[in-house]
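The values are calculated or read from the model by the stated rules, or taken from the named source; none is laboratory data. Values in this document were obtained by computation on a predicted structure and should not be read as measured data. Don't worry about glycine lacking a Cβ; one is built from the backbone with ideal geometry, like all the others, and counts go over all protein chains shown. These area figures cover heavy atoms from the full protein model, side chains too; ligands, DNA and RNA do not enter into them. Shrake-Rupley method; radii C 1.70, N 1.55, O 1.52, S 1.80 Å.
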Amino acid sequence: MNQNRVTDRLKTLRERAGYTVREFARELGYGEKFSSYRMYETSYKKDVLPLPMVKTMVPLLSGRGEPPITANEVWSLAGVTAGESGLVARVTPRPAPPPPQPCAEDLPPAGSNRIAIPEYDVITSAGPGCVPVLCSPQDGLRPVEHWTLPRGYVAAFSETPDTLAIVRVAGDSMEPDYQSGDRVLVDTAHRIPSPPGVYVLWDGFGLVLKRLELIPGMEEPRRVRIMSINAAYSTYELTLDEISINGRVVGKWTWK
């Protein structure tokens, strides 16, 4: 067994935690389709596991076995390393938190017809993408700036103006529609790629800006076509289980 392969490392951690393949597959939500999980221990070809899958594994594996498995050991399966306490805080199961709110001093005055939209210091790569951090605004990030706009204007284009966030684009795969340095307005409440559109997502390797389209059919898990606008970049497909959607792009700011 080559312990450097992610398949072997996953199997070692699962066995160290005392799970059988069937038991672990059930805990991960595969039900009786444990063979769908087994491929991650046998024939999976990528260097790291999908981020959403590893986020689910952390509370299942951490603290089990001898010596006790650490959160960082599990997190490394996704190619991410960080301070263990921060990881535990971010992946501990909890109810979905409310949309991030600006600090009191940044809010428009009471009775104001304006809304403060938070900007987060994360970069959505419109290119290959390799940002090894959790990047959802709901993952505990604090705003670095607030953009104040008329509430009535924003509400004309968004049914959920209080769930909007702003992030910056990098790379060229979404040119000419989205240029490097553009700020995009993201509806963080919109997490399902329907209808097709441009979304911010973690694809297992980085935070990216891509056009998503659900592939027709009812087979589970549903597959998603992930597309660039720049023809120099290829289209690829992943399952909904393998990606984590941060929100739908509903607008952008660009300098002319």
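Quickly run through the stretch 1-36 and pick out the residues that are in contact with a Phe, Trp or Tyr (Cβ under 8 Å, 6 or more places away or on another chain), open to solvent by less than 90 Å² (accessible area, probe 1.4 Å) and of a type in the set (Lys, Arg).
ARG14
Do any residues in the stretch 209-232 that are closer than 21 Å to HIS190 by Cα have Cβ atoms under 7 Å from those of residues that are assigned to a loop (DSSP other than H, G, I, E, B) and hydroxyl-bearing (Ser, Thr, Tyr), where the two are at least six apart or on different chains, and which pairs are they?
From residues that are closer than 21 Å to HIS190 by Cα, the pairs are LEU209/TYR178; LYS210/SER228; LEU214/SER194; ARG225/THR235; ILE226/THR235; MET227/THR235; SER228/SER173.
Looking at the structure I just gave you, is PRO195 part of a loop (DSSP other than H, G, I, E, B), over 21 Å from ASP47 (Cβ atoms), at pLDDT below 90 and open to solvent by 20 Å² or more (accessible area, probe 1.4 Å)?
no
Somewhere in the stretch 246-256, is a residue loosely packed, with under 12 Cβ neighbours inside 10 Å, farther than 21 Å from GLY181 by Cβ, more than 17 Å from the chain's Cα centre (by Cα) and not small (Gly, Ala, Ser)?
no
Rundown of residues vs (1) surrounded by 17 or more Cβ atoms within 10 Å (Cβ to Cβ); (2) closer than 19 Å to GLY247 by Cβ; (3) modelled with pLDDT of 85 or more; (4) β-branched (Val, Ile, Thr), yes/no style:
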| position | (1), (2), (3), (4) |
| --- | --- |
| SER112 | no, no, no, no |
| PRO128 | no, no, no, no |
| CYS135 | yes, yes, no, no |
| PRO150 | no, no, yes, no |
| ASP177 | no, yes, yes, no |
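Considering only residues that are open to solvent by 60 Å² or more (accessible area, probe 1.4 Å) and over 25 Å from the mean Cα position of the chain (by Cα), which ones fall in the stretch 43-71?
Result: ARG64, GLU66, PRO67, PRO68.
Would you mind listing the helices (runs of 4 or more DSSP H) fully within the stretch 24-101 where at least 1 residues are modelled with pLDDT of 75 or more?
34-42, 51-61, 71-75
If you go through the stretch 208-221 one residue at a time, do you hit one that is farther than 22 Å from TYR40 by Cβ, modelled with pLDDT of 90 or more and not in a strand (DSSP E or B)?
So far as the stretch 208-221 goes, no, none of its residues is farther than 22 Å from TYR40 by Cβ, modelled with pLDDT of 90 or more and not in a strand (DSSP E or B).
Residues of the stretch 208-245 being under 14 Å from the mean Cα position of the chain (by Cα) and basic (Lys, Arg), which ones?
Of everything in the stretch 208-245, just one residue is under 14 Å from the mean Cα position of the chain (by Cα) and basic (Lys, Arg), namely LYS210.
If you scan the stretch 159-175, which residues turn out to be open to solvent by less than 50 Å² (accessible area, probe 1.4 Å), within 24 Å of GLU213 (Cβ to Cβ) and at pLDDT 85 or above?
Of everything in the stretch 159-175, those that are open to solvent by less than 50 Å² (accessible area, probe 1.4 Å), within 24 Å of GLU213 (Cβ to Cβ) and at pLDDT 85 or above turn out to be THR163, LEU164, ALA165, VAL167, VAL169, SER173, MET174.
Here are the criteria: (1) small (Gly, Ala, Ser); (2) in a strand (DSSP E or B); (3) buried (at least 18 other Cβ atoms within 10 Å of the Cβ). Tell me which single one GLY204 does not satisfy.
Answer for GLY204: the failing condition is (2).
Inside the stretch 14-50, can you point out the residues that are over 17 Å from GLU73 (Cα atoms) and among the aliphatic types (A, V, I, L, M)?
Within the stretch 14-50, VAL21, ALA25, LEU28, MET39 meet the criteria.
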